[in-house]
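All remarks here apply to the structure that follows.
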Amino acid sequence: MFFLIFTLVAVAAFVSWRNMRINPNTKGSANISMMVALGATLAALSNCFTVIPAGHVGVIDFFGTVSDNTIKSGINFVNPLARIVKMSIKTQEIKEVMEVPSKEGLTVQLEVSVLYHLNPEKAADVYKTVGEDYESIIIEPQFRSVTRGVTASFEAKALYTSEREHLSQLLLNEIMKAISERGITVESAPLRRVTLPAGLSSSIEQKLQSEQESQRMQFVLTKEKQEADRKRIEAQGISDFQKIVNQGLNSQLLTWKGIEATEKLAMSPNTKVIIVGGKDGLPLILDTK
């Protein structure tokens, strides 16, 4: 539209310049007409180019006929009569706080997000079939419906425990099935916050605390049992050692060891008195100092 307007202005100004330049009295006005013609021409030519920002694609709409080929980011030469619709392909987020049902029929407040981006290869199809406001038409209704359908198959306590990761993954898979064929790529669907009814939250926390205490006591009992086993093995080892020593000791061995010790002492340079024939036949050693 602007291209046509600027073109008409340029033509009119050029014609006016040609008519005025013949008459010397209108020479100043002729110069003005020439400047207007040049300005309008440049403005018309500028409509032959468009700039697509980074993270966007351009959809070409020529009087209702949408081209299947989109234009990439940067400076592009286009039909000046066509309308260029710039659509974002960046990652975007929808955040919802909704009341969802659980398997038991309880109502749980859930804060959940979905991260998505427009598939650049299907941007023209999305524009033709849905329009620029595809987020509110496709994503939001499907997101809410899928979320309520998924949570209805889980118990409320599952939303409060480690089952949240499984729920998040299932939610992501279901949303992808619902909208991926429409040209929208879903990246993730993280659960941000789960708020249970006050009484149920307290009951779940008490149950989890009891389970933790039970596990702690089981650990203590296992540790004590292991310590008792260790002491039993140690006592058995000492008992076996004593039995072996007692079996190896007798009067003849002790007498022989005493004689060996007497011989070593007799050879020592220290002053001593050794009396042979003491109690049990062992020598008596007296210090002379």
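The values are calculated or read from the model by the stated rules, or taken from the named source; none is laboratory data. Just so it is clear, the model here is predicted, and its values are computed rather than measured. Cβ: placed from backbone, ideal geometry, glycine included. Neighbour counts: every protein chain shown.
Out of the residues in segment 61-75 that are among the small types (Gly, Ala, Ser) and without any contact (Cβ under 8 Å) to a residue 24 or more places away in the chain, which is surrounded by the fewest Cβ atoms within 10 Å (Cβ to Cβ)? Talk me through it step by step, then tell me what you get.
Looking only at segment 61-75, we keep the residues that are among the small types (Gly, Ala, Ser), and these are 64, 67, 73-74.
After this cut, where a residue has to be without any contact (Cβ under 8 Å) to a residue 24 or more places away in the chain as well, the list is 64, 73-74.
Values: Gly64: 6, Ser73: 16, Gly74: 11.
It comes out as Gly64.
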Segment 148-160, residues that are of a type in the set (A, V, I, L, M, F, W, C) and either within 17 Å of Ser188 (Cα to Cα) or surrounded by 14 or more Cβ atoms within 10 Å (Cβ to Cβ) (or both) = Val150, Phe154, Ala156, Ala158, Leu159
Could you give every pair whose Cβ atoms fall below 6 Å, whose first residue belongs to segment 185-201 and is over 17 Å from Leu106 (Cα atoms), and whose second residue is modelled with pLDDT under 80 and in a helix (DSSP H, G or I), counting only separations of at least 6 or pairs across chains?
-> Leu191/Arg164
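Here's the yes/no breakdown for (1) assigned to a strand (DSSP E or B); (2) assigned by TED's automatic domain parsing to the domain that holds Ser180; (3) over 25 Å from Glu187 (Cα atoms):
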site: Ile60; (1), (2), (3): yes, no, yes
site: Asn79; (1), (2), (3): no, no, yes
site: Val112; (1), (2), (3): yes, yes, no
site: Glu121; (1), (2), (3): no, yes, no
site: Val146; (1), (2), (3): no, yes, no
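Give me a count of the residues in segment 130-150 that are within 30 Å of Gly58 (Cα to Cα) and free of Cβ contacts under 8 Å to residues at least 40 places away in the same chain. Please lay out each step first, then the result.
Narrowing segment 130-150 to residues within 30 Å of Gly58 (Cα to Cα): 130-144.
Cutting the leftovers down to free of Cβ contacts under 8 Å to residues at least 40 places away in the same chain gives us 131, 133, 136-137, 141-142.
Total satisfying the criteria: 6.
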Listed by first then second residue, the pairs whose first member lies in segment 36-60 and is on the phi < 0 side of the Ramachandran plot, whose partner is at pLDDT 85 or above and assigned to a helix (DSSP H, G or I), with beta carbons under 6 Å and at least 6 positions apart or on separate chains, are Val57/Pro120; Val57/Ala123; Val59/Ala123; Val59/Ala124; Val59/Tyr127
Tally of residues being free of Cβ contacts under 8 Å to residues at least 60 places away in the same chain, under 23 Å from Leu115 (Cβ atoms) and among the hydroxyl-bearing types (Ser, Thr, Tyr) across segment 76-102 = 1
Members of segment 82-110 that are surrounded by 14 or more Cβ atoms within 10 Å (Cβ to Cβ), of a type in the set (A, V, I, L, M) and in a strand (DSSP E or B) | Ile84, Val85, Met87, Ile94, Met98, Val100, Val108, Leu110
Quick one: is Glu174 of a type in the set (Asp, Glu), at pLDDT 85 or above and not in a helix (DSSP H, G or I)?
-> no
Lone unmet requirement of (1) within 25 Å of the chain's Cα centre (by Cα); (2) in a loop (DSSP other than H, G, I, E, B); (3) free of Cβ contacts under 8 Å to residues at least 12 places away in the same chain for Ser153 = (3)
